[in-house]
Each structure stands twice: as structure tokens, then as C-alpha cells.
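A short write-up of the structure that comes next.
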Amino acid sequence: MSPFQIWLAKWGLDLLQLVLLLPLIALTFLRAGNNSSRPRLFASWFERLARRKTLSVILVGLLSLSIRSALIPLLGIPLPDAQDEFSYLLAADTFSHGRLSNPPHPTWVHFETFHVIQHPTYMTMYPPAESLVLAFGQLLGNPWLGQLLITALMCSALCWMLQGWLPPAWALLGGLIAVLRLGIFGYWMNGYWCASVAALGGALLIGSLPRLKRNTRVRDASSMAIGLAILANSRPYEGFVLALTVAAALLLWIVGKKHPSTPVLLRRLVLPVVLLLAIAGAATGYYYHRVTGSPFEMAYQVNRAMYSRAPYFIWQGYNPEPHYDHALMQQFYDMEFRHYLSERTLRGFLRHSFNRTAMAWGFYLGPILTLPLMMLPSIIKDRRMRWPNVALVLMICAVAVETFYWNHYFSPAVGLIYIVVLQGLRHLYFWHGRGKRVGPGLMRAIPIACCAMVVLRVAAILAHAQIEPVYPRGNLQRAAIERQLEQLPGEQLVLVRYEPQHKPEGEWVYNLADIDRQRVVWARDMGDHANQELLRYYSQRHPWLLDPDASPPKLLPYSASLAALPPNLPVSTPDLRIP
């Protein structure tokens, strides 16, 4: 891929948004009148629908579900590719078989891989919420169905959350924008990261706050507790910071003048929250007891202590260098450590902060949703926005001190972003430019541009114009090899042998919960001498040696003489077609 193609794949969507948005803005200024009358913003049917709040919430979710389902013939069902996705799928397979974890494999050293613990049990290092969703999808027939359903549910939850902060029509508009921005394209929907789970938990937590303050009800307290439980089991650190801001807002409300009596607070708020969190806490503790042996030790802690020198936060000291059985894993964790050391310098911190901001801006806002932020001074002065503004700033600061960053790290606070954007749209509606009433036109340009982006992205995929990562997503070559091997008689063992220039991010060695029952087992090539342990253990399997870095990947029957060859030495290829 040429440098221009790489640049276009990275910034093509933002460039396309600008190309769409600028003519709409110009047209708005040209057609704007000088009269002071306020045009009707929403059609009467839209306002009537928005006033039926429950129906609006349901329709938003169904819209995301139906559009993405209709695009399956074009976008396909994604396959896993990233290290994290395979790790989540390991836990999903474990849960779908009625287990909380798996015993260590007798030859576990051959199966060591990223973001998975091998001792005291064999399991993902991540919290369980995301994998529970994928497990539900697996029971339905495909793990991705869980991702599809939870993303649609997240869009519904965002609409419900906005109804607590904004008038109904604006909340419905925000829910529809969430569908167009998050509920169709992007890795939240088209992958196995399950970031939508944490966003759902955050939306429940944020949406419960104004409802409890207006009319303290058990169901709103229950929604808050469920949101807290989801966050604790998906993004515990970011969820904890968000929960602190909500707790501070509730405390200020309780010590103020406008709150119910103490018995009402205890019965309708404190008791439901404490009861549900106690149940969730006991379940979480029991899960970690089964996985790590301690209810107070997360699998993430076990994995990082075993493999990584880099801590979770840049202000923490680093761990001693561990022993690695595989050079590729050491290469990966050395790269992490260099990143951590760079983050601890002022220059490195500023550079990484800029990169994180650009990444988050492109994903959550882009040029289209940046337009409402031109009203940021009015948003800051708005009394109703004090808590969302403060909470959003605190969340940004909390993520800034993490050693690593991906956009889903901020997913618990996506509801705060939409509150700020929608409130900016409301202020934009009343804005005058050069004596002309241009606000309504500018506001209408945003949903129009969002809809047009969906159409153009579909058209680009049909035309094979690469303005974003290609569809279907995932490691298609690994999946094709696995399908071909599954069609062969007997059971297969694949020893993966990378070439020296291989990048650790492109990992192929992943297995599901019960390794010995898989038709195809993936293991690391450790040299002929070390491989003998695994070959003896799987003496009934047909062994293969795979070079995934060749183009196309080379899959050859395993032999001691072949294992002794350098990885870049040409060898004959058997009659096995690999794409």
C-alpha cells in the first residue's frame, strides 16, 4: 500500500465529512434571511414521535439493528484480527460452555499469547462483561450477534439518557445521530471489542442522575446500579472515575434543599443501589476467585505482573523485567515499555496527548460534530451543563494519565460527549451570523451530513474506493486456513513460525476454551527440540508448519528437517490453496 493510500485510509472519512459539510454551510449562509422569526425546527410528526419516549428508545435501537443487518451482504460478518478480540472470544467460548475459567494446559508454554493468562487458570485477562455479550451471541449462532445486539442497545440507551437531560425531540435527534455515527460502521459494531458494553453502562449511569433528582424512584436507582455494575466489569478504572462524579453530584443534591426526606432517600435510592451492587460485587468476586484464586485480584493484574514492565498509569514505577519463553512476546512488551518511558517525558507526553486527541476527535466527533462546539462559550455558561462539563473534563484528565489509549477507553463517557454536542446544537439553533438567522440551517446540516456519510461509505465500499479499512474486517487468511484444515480428515496441529520482520500485533496463535477438543490447534514453533514435547502430546494429530509472513502464507507438513531451516529459506509448497 502506497503512503498516499495509507494516509487516505486514515483521514479519508474526515476529509469526506469536510467536503460534505462546507457546501452545506455555504448554502445555509446564502439562503439565510434577515427576519427575526424562528422557523420550525422539527416536523410535527417527529415531535409527536419524540414525546412517546419509550417508543423512541425502541425505534433507535431497531434502526441500528436493521440497517447493519441489511448491510451484511455488503459488509459481511467481521472476523477477529486484533489480539484483544481473540482474548475476548476465548472468554466468550468459556462462558458459552457453562464455565467461568479453564484449567491450565499441560503444554501451556507452546500456547502463550497476548492478553491471556495461562496460570493459575487459562483465561482472558479482561473483565467479563464484554465476553458475556459475545457468549450470548455464540449461543445464538455467532459471537458477533452479541456485538450487533449490544450496539443497538447502546444506541437506545443513549437516547434514553438524553431524554433525562434534554427535551424529547432533541434526545431523539441525538439517538439517531448515535446510530449514524456509532451504530453501523466502525470497530464498535464491526469487531469483537464490545466497547458498546461500557458505553451502555455509562449511559445508564448518566441518564439515571437527572431522573433521580427530579423524581426519586426505585427503577432509576436500579438503572444506576446496573450501569455501575456494567462499568465495574468492563472498564473499571474509567467507570470508577465517572461514578465518582455522579456520586459527588448526588451528594451535593442531598445536602442541598431540594431533595426528598431521608426515609424516601433510604428506601428509594440507597437500598436498591446497595442491594444490587452487593449482588454484583459478590458475583464479580466469585468470578475472579475462580479465575485468579482471589476475589480481590483481577486477571489483568496477573497478566501484567507476568509479562509487562509497563504499568497502567504513567506516574507508576515500572515492574522488573520478566522471563519470556518467546522472543516475539518479549519484542511486544519491550515496545510497550519504550512507549511508557516516552510518556514519562514532557515531550513524549505532549506528543502522545496530541495523537490521542486527534484519534478521539476523529472517532467521536469528526468535522460534522465539531460544528456544534463553536458554541462552547455558551455551553460553558449554561447552568444546566455544569455537571456534564466538569465530568467530561475529569474523564479526559483520567484517561490522559493512562499509559496506553484506544478510543474505547473513553467509551463510558460517550454519553457526556453527546450531551455537550446536543446542547451545542440547541445554542446553535438560536445563533445569528452577520445579522442573518443561520442557526437553524446550520443545525439541520449536521443530521443531513451524517445521513449522507452513511450513503457515501456504502457507495465507496461498492466502488472499492478505500477511504477506510476494508470490509469484511478481520484476519481473513487465518480463517481461510482454519476452514481448509477443518475439512481434512483427522485433527490438525499448526505450529506458527514467524519471519524475523514479523510485527507482534499480527498474532496468529490463539485458541478457544478447550484446546484439546479443537479440530485445529494453533501453537508456537519453538524449534524442533522444544516442539517434540507438543508433538508427543498430540501424536494423533497431523502437524503443520505455517509461515504467515509469506505472501501468500506457506503451510507445509511438519518435519524435523523443515523445522531446522531458516524461516526465509524457499521451500516447495504442497497442493493446499491459501488466499
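Condition check ((1) more than 27 Å from Val116 (Cα to Cα); (2) without any contact (Cβ under 8 Å) to a residue 60 or more places away in the chain; (3) in contact with a strand residue (DSSP E or B) (Cβ under 6 Å, 6 or more places away or on another chain); (4) not assigned by TED's automatic domain parsing to the domain that holds Pro106) across all residues:
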residue	(1), (2), (3), (4)
Arg519	no, yes, no, yes
Ala523	no, no, yes, yes
Arg536	no, yes, no, yes
Gln540	no, yes, no, yes
Leu545	no, yes, yes, yes
Pro548	no, no, no, yes
Leu556	yes, yes, yes, yes
Ser559	yes, yes, no, yes
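Within the stretch 232-274, if we keep just the residues that are in a loop (DSSP other than H, G, I, E, B) and at pLDDT 95 or above, the residue that is farthest from Ala199 (Cα to Cα) turns out to be Asn233.
Residues are listed down the side, and each one gets a yes or a no for (1) free of Cβ contacts under 8 Å to residues at least 24 places away in the same chain; (2) part of a helix (DSSP H, G or I):
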{"site": "Tyr318", "(1), (2)": "yes, no"}
{"site": "Met329", "(1), (2)": "no, yes"}
{"site": "Phe332", "(1), (2)": "no, yes"}
{"site": "Phe337", "(1), (2)": "no, yes"}
{"site": "Leu341", "(1), (2)": "yes, yes"}
{"site": "Arg351", "(1), (2)": "yes, yes"}
{"site": "Asn355", "(1), (2)": "yes, yes"}
{"site": "Ala360", "(1), (2)": "no, yes"}
{"site": "Phe363", "(1), (2)": "no, yes"}
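Evaluate the stretch 388-401: report whether one residue or more is closer than 30 Å to Trp508 by Cβ, within 28 Å of the chain's Cα centre (by Cα), among the small types (Gly, Ala, Ser) and assigned by TED's automatic domain parsing to the domain that holds Gly76. No, the stretch 388-401 has no match at all. Val273 meets all of the listed conditions (1) under 24 Å from the mean Cα position of the chain (by Cα); (2) more than 30 Å from Ser353 (Cα to Cα); (3) buried (at least 19 other Cβ atoms within 10 Å of the Cβ); (4) not basic (Lys, Arg) but one, namely (1). When we screen Val458, Val414 for residues that are hydrophobic (A, V, I, L, M, F, W, C), part of a helix (DSSP H, G or I) and at pLDDT 95 or above, the only hit is Val414. Based on what the data block shows, is Thr124 out of contact with any strand residue (DSSP E or B) (no Cβ under 9 Å at 6 or more places or on another chain), of a type in the set (S, T, N, Q) and either touching a residue at least 60 places away in the same chain (Cβ under 8 Å) or surrounded by fewer than 20 Cβ atoms within 10 Å (Cβ to Cβ) (or both)? In short, no.
Residue-by-condition table, conditions (1) surrounded by 24 or more Cβ atoms within 10 Å (Cβ to Cβ); (2) in contact (Cβ under 8 Å) with a residue 60 or more places away in the chain; (3) not in a loop (DSSP other than H, G, I, E, B):
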{"residue": "Pro104", "(1), (2), (3)": "no, no, no"}
{"residue": "Phe114", "(1), (2), (3)": "no, yes, no"}
{"residue": "Glu130", "(1), (2), (3)": "yes, yes, yes"}
{"residue": "Phe136", "(1), (2), (3)": "no, no, yes"}
{"residue": "Leu139", "(1), (2), (3)": "no, no, yes"}
{"residue": "Leu145", "(1), (2), (3)": "no, no, yes"}
{"residue": "Leu149", "(1), (2), (3)": "no, yes, yes"}
{"residue": "Ala169", "(1), (2), (3)": "no, yes, yes"}
{"residue": "Ala203", "(1), (2), (3)": "yes, yes, yes"}
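Checking Arg181, Arg99 one by one, the residue that is part of a loop (DSSP other than H, G, I, E, B), assigned by TED's automatic domain parsing to the domain that holds Ile58 and in contact (Cβ under 8 Å) with a residue 12 or more places away in the chain is Arg99 and no other.
You will find that of Tyr510, Tyr471, Tyr498, the residue that is out of contact with any Cys (no Cβ under 6 Å at 6 or more places or on another chain), over 25 Å from Gln532 (Cα atoms) and among the hydroxyl-bearing types (Ser, Thr, Tyr) is Tyr471 and no other. Just wondering, is there one or more residues in the stretch 188-195 that are in a helix (DSSP H, G or I) and modelled with pLDDT of 95 or more? No, the stretch 188-195 has no match at all. Of all the numbered requirements in (1) in a helix (DSSP H, G or I); (2) touching a helix residue (DSSP H, G or I) at 6+ places or on another chain (Cβ under 8 Å); (3) of a type outside the set (Gly, Ala, Ser); (4) more than 26 Å from Val401 (Cβ to Cβ), Pro295 misses one, and that requirement is (1).
The values are calculated or read from the model by the stated rules, or taken from the named source; none is laboratory data. Since the structure is predicted, the reported quantities are computational estimates derived from the model, not experimental observations. When we count neighbours, we look across all protein chains shown, and the Cβ atoms used for this are built from the backbone with ideal geometry, even at glycine.
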